Amino acid sequence: MTGGGGSAPRGALLSRRTVLGGAASAAVGLGAVKLYVSHPWTAVLDPAGRSGWPSPLGSERARVAQLLRRATFGITPTALEPGLSHGYQRTIDSILEAGAAEPPSLVSPGDPTRGARLEGSDLQRWWLRHILSTQTPLAERMTYFWHGHFTSSLDKVDALFMYWQNLTWRRRSVDKLGRMLREVTIDPAMLTYLDLGTSDASDPAQPPNENYARELMELFTLGAGSYREADVKAAARALAGWTTPPADTQVEIVVDEKTGAKAPIDVWYEQRRGAFAPEMAYDGAVSYLNRRGRHGLDGVIEQILAHPATAKFLARKVAIQFISPAPGEETVQQIAGRFRASDYDLGELMRAAFTSPEFSAAGSYRALVKSPLEFMVSAAGAVRAGAKETIELVLGYGEGMGESLFQPPNVAGWPPNGGWISPSTMLARFNFVSDLLDGLPSVPSARGAEDLHLDGVLSNSTAKRLAKADSDRERWLVILASPEFNLK
Amino acid sequence: MSGSETGIERIGRRDFTQAGLVFGVGAGALAAGYAAVPDAFARAIFTARRDGVQSDAVLVMIQLAGGNDGLRTVVPLQDSNLHDLRPQLAGEAVDKALPLTPSEGLNHNLGRIRKLWDSGKVAVVQGVGYPSPSLSHFESIRVWETGDPTRRQLRGWLGRALSTSYDSYGHPLTGCACGTTATPGALRDADSTVAVIENQLSYGFAAPELESAVGAVYGQTPGIYGALFDTAVATVRKTAAELQRALPAPSDTSVLPSYSNDTGNALAQALKLAAQLIIRETGVRLLHVTLDGFDTHYTELSYHDQLMGYLDEAVGGFYDELAQHGKASRVLMATWSEFGRRPQENVSGGTDHGTAAPVVLIGDPVKRGIYGRPPDLRHLDDGNLRYTVDFRSIYQEILEVHLQAGAGEILGGRFEPVRFLRRSS
């Protein structure tokens with residue numbers, strides 16, 4: 001399993017011997033290899049003739065490293081060392097309690113349009129810069145999670161509204177679900193993306209727009225099968241009336257550089273939420289999730305939170321993205337139970353996931369695939385590439401790997417894990433690594449890199465090829481392009 | 001080959017996995033256990049397993065993602081109910097439609113497809129759907145992709161076709177998705193390899209030493225993603241080599257089709273690549289392309305017309321390109337979408353998720369006609385159309401008559417035939 005060809009640096013915490021020893025216990029993990037789909041769109045995996053990775057998670061170092069790979073955007077020596085001295089439990093506490101550092105405002109103070117003319121690429125660069133420099137990485141990781149959950153897209157929504165939505169995800173990243181749901185529902189980007197802002201339930205002869213009502217239940221909270229079509233229609237009525245916020249003012253700007261032609265555009269002085277227009281709302285009672293009443297936004301959210309499927313649905317989604325593509329039912333139940341008991345505290349949800357026994361079980365080792373963003377940011381961090389270069393590479397390669405920030409493929413977000421792997425995306429990952437290394441002013445030493453970044457757990461082929469590498473560039477190429485580094 | 005043989009092979013594999021468990025637990029020498037996997041059981045990439053399809057027929061599945069509005073694609077011209085249900089959307093659609101028959105017309109932006117109808121190369125199957133329809137995009141996409149309305153099947157219907165009937169080709173491009181980075185669910189199957197080419201121009205390794213390094217690293221990757229990784233890497237290496245052999249240099253734009261330079265038309269871009277793969281005999285048989293944006297809950301009028309225009313431009317150009325190179329007789333195009341849309345329009349000038357809708361089939365193999373029954377707008381189920389043709393009847397006709405693959409084995413049953421393809425005499 002593990003190569004004898006590589007030469008482990010002296011003093012590495014995980015010696016080759018440790019790894020080989022781990023192989024014995026990993027044999028048990030073979031039983032966990034099974035055929036499944038983790039998402040309707042995730043690839044079917046073929047278990048035949050494959051052994052599992054030997055798990056080093058018996059060691060605290062490996063557990064801390066895995067936590068950092070999953071709860072942040074990768075391992076750096078500066079992040080790993082404090083984690084090792086605090087231990088696993090205290091590392092969880094410290095990343096969860098760090099709060100969410102606000103990124104610098106994307107709207108410059110002198111901009112008379114207050115960001116109304118932002119471009120999508122401005123927004124992508126701004127967020128990437130913050131991801132690379134933040135002192136509160138869990139908040140960014142969770143902002144990224146919510147980006148793939150409460151989806152909206154630049155394909156349909158202006159960059160300014162997408163910017164505001166990103167600020168909301170971050171501020172509420174580990175807040176209460178009820179508050180998050182309320183703010184996300186009346187967020188101008190969401191009101192636009194899923195059309196609630198155009199709905200109107202005042203005329204009984206004309207059906208309101210169902211788009212948001214359906215996805216709120218199917219994809220954001222309950223999951224398909226936990227509600228009836230009649231609930232979609234009821235929620236569409238109950239939620240109608242929220243519209244995108246009216247502009248605070250209009251500003252004349254040049255819209256055609258050649259002719260100098262001007263036109264007025266809408267300008268908002270600051271981040272706004274949706275506005276309620278009672279004349280577009282439904283005036284009456286509906287029966288929603290088995291309760292009849294004059295439900296408005298708050299009534300709908302109350303019913304969703306009263307439904308037992310909500311905690312389970314989110315617990316499963318978090319488990320699939322942070323623990324294992326096919327989490328055990330017991331794990332999901334236990335996380336859901338703690339989540340619901342905490343009055344749907346999203347920080348507790350994550351704490352329950354990180355402390356669940358399955359998180360550190362042998363079968364969860366390398367059970368998740370890094371997303372393109374996680375892969376690129378962690379690779380760039382490993383070779384200490386500059387922020388500016390990294391940002392341009394991420395923007396250039398993201399689409400080829402199947403991920404453009406602020407442009408999810410559809411309302412379900414990106415299919416995780418196996419969904420990231422295809423011939424085309426793997427090629428883009430490899431070419432990225434090559435480009436990344438070519439762009440470095442000098443390639444750092446790769447000494448100890450396989451221990452820091454791969455826990456010293458290498459497949460035979462990776463170890464053999466690494467042993468043959470005769471330069472730091474080549475060693476980094478093998479490490480960063482390896483299946484080991486593509487997993488987390 | 002028979003279905004029972006497939007069954008035996010699958011059982012054999014499962015047995016091996018269990019046997020592996022027994023070795024592993026006792027021995028602790030997992031490395032040795034892994035190396036001892038008999039070749040016959042190891043995943044064989046590109047190796048012949050059994051005889052398969054002998055024909056050179058090509059299928060292009062065109063996904064209209066988001067739920068295409070069937071009533072604005074094949075427009076009922078004489079049904080007054082349509083105007084009652086759609087005061088905003090119906091009038092223009094009916095007035096401008098391009099008639100196929102006195103009672104049915106194509107969307108006014110489907111002019112090139114209408115011309116193909118005139119030359120006998122278009123079939124429309126009305127009312128296609130499945131029992132107990134789901135109005136969820138993702139559930140319904142999965143139903144169409146797997147060919148299983150009970151939602152138990154995990155493997156794509158084209159993926160199953162590949163593994164049961166095509167693997168003996170030993171070719172990386174037999175199944176191919178163009179213009180995307182992800183393997184479409186319809187082609188997905190753990191037993192088959194599928195090429196995924198987003199863009200021919202960027203489909204190559206940045207450096208030869210990069211390719212040799214990943215070639216050395218991937219091959220026996222452990223873990224649940226091992227086969228997925230290794231197959232992807234083997235496929236990309238083979239595909240890149242094949243593209244380099246078969247396709248003109250990317251800089252040589254003179255030989256690229258010129259039928260759409262609108263970069264907004266992603267379907268045209270994908271079909272241009274598909275045309276190249278077919279014309280240059282790269283061995284492609286089952287192709288999948290996608291046009292996205294059909295989830296028209298809001299101001300459908302302009303969006304849907306634009307999408308119809310994209311579809312028309314892409315399909316028309318693709319057909320002409322193939323015909324020019326003498327390949328059109330082999331190629332069948334079929335549209336699919338997870339569902340149609342609600343007959344009654346909503347307050348936003350759009351339509352919500354619906355059920356049954358027409359499937360459009362295009363190409364020389366088609367027997368022109370409108371099949372199935374026209375949509376019955378007076379008898380709706382909870383506001384939605386009742387299906388009259390099971391979507392698997394379409395798959396069956398395509399598999400049996402066009403591809404000459406074992407439809408019964410692939411679809412797991414027989415469905416009422418809909419004979420929209422020519423029979424070779």
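The values are calculated or read from the model by the stated rules, or taken from the named source; none is laboratory data. From a predicted model like this one, the values you see are computed outputs, not experimental measurements. Because the Cβ atoms are built from the backbone with ideal geometry, glycine has one as well, and the counts that use them run over all protein chains shown. For accessibility, only protein heavy atoms count, side chains too; no ligands or nucleic acids. Shrake-Rupley method; radii C 1.70, N 1.55, O 1.52, S 1.80 Å.
So the values come out like this:
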read-out	value
Formal net charge of residues neighbouring A:Arg292 (Cβ-Cβ distance under 13 Å; K, R +1; D, E -1)	+2
Peptide B:206-214 - average C-beta neighbours from other chains (10 Å radius)	6
Chain A: angle of helix A:387-397 to the longest principal axis, Cα-based, in degrees nearest 10	80
Two-decimal Rg to Rh for the protein assembly as shown - Kirkwood Rh, Cα set	0.95
Whole-Hz couplings from phi, Karplus 6.51/-1.76/1.60, listed for the range A:135-144; x for Gly and Pro	8, 10, x, 5, 4, 6, 4, 6, 4, 5
Nearby lysines by direct alpha-carbon distance to A:Lys488 (threshold 20 angstrom, same-chain neighbours under 8 apart not counted)	A:Lys34, A:Lys317, A:Lys370
Average other protein chain Cβ within 10 Å of Cβ, residues B:226-238	6
Chain A - Rg (one decimal) and Dmax (whole number), Cα, Å	24.1, 77
Trypsin sites (Lys or Arg not before Pro) restricted to the range A:390-476 and DSSP loop, no more than 16 other C-beta within 10 Å	A:Arg447
Ellipticity estimate at 222 nm from DSSP helix runs (n ≥ 4, -39,500 (n - 2.57)) divided over chain A, nearest 500	-14000 deg cm²/dmol
Residues with amide H under 5 Å from that of A:Leu154, placed H, sequence gap 5 or more	A:Gln407
Protection-proxy order for peptides A:293-303, B:395-405, each taking the mean of Cβ atoms within 10 Å per residue, highest first	B:395-405, A:293-303
Net dipole in debye of the range B:44-411 [+1 Lys, Arg Cβ; -1 Asp, Glu Cβ; about Cα centre; nearest 20]	660
Volume in Å³ per residue [convex hull over Cα atoms, computed for the range A:308-360]	61
Other-chain or far-sequence residues with amide H under 5 Å of A:Val255's (modelled H)	A:Ala261, A:Lys262, A:Ala263
Residue (of A:Val254, B:Gly223, B:Pro76) at the positive-pole extreme of the protein assembly as shown, dipole from beta-carbon charges	B:Gly223
Area accessible to solvent at A:Tyr397, 1.4 Å probe radius, in Å²	50
More than 20 Å apart - percent of Cα-Cα pairs taken over the range B:99-244	63
Normalised per residue, the volume of the convex hull around the Cα set of the range A:42-177 (Å³)	161
B:Val75 long-range amide H proximity, modeled H, under 5 Å	B:Gly105, B:Leu106, B:Asn107
Degrees, to the nearest 10: A:472-481 long Cα axis against longest axis of chain A	50
Cα-based equivalent ellipsoid, the range B:44-411: semi-axes from gyration tensor eigenvalues, Å	36, 22, 19
Selection from B:Gln200, A:Ser422, B:Thr180 lying farthest towards where the dipole of the protein assembly as shown points positive, charges on Cβ	A:Ser422
Integer Hz, Karplus 6.51/-1.76/1.60 couplings in order for the range B:67-76, x for Gly and Pro	x, 7, 6, x, 6, 9, 9, 10, 8, x
In order through the range B:136-152: 3J(HN,Hα) via Karplus (6.51 cos²θ - 1.76 cosθ + 1.60), integer Hz, x for Gly, Pro	8, 3, 6, 5, 6, 4, 5, 4, 5, 5, 8, x, 9, x, 7, 6, 9
Low-density loop cleavage sites - chymotrypsin sites (Phe, Trp or Tyr not before Pro) in the range A:199-286, where at most 14 other Cβ are within 10 Å (DSSP)	A:Tyr269
For the range B:138-219, Kirkwood radius (reciprocal of mean inverse C-alpha pair distance, Å)	14.3
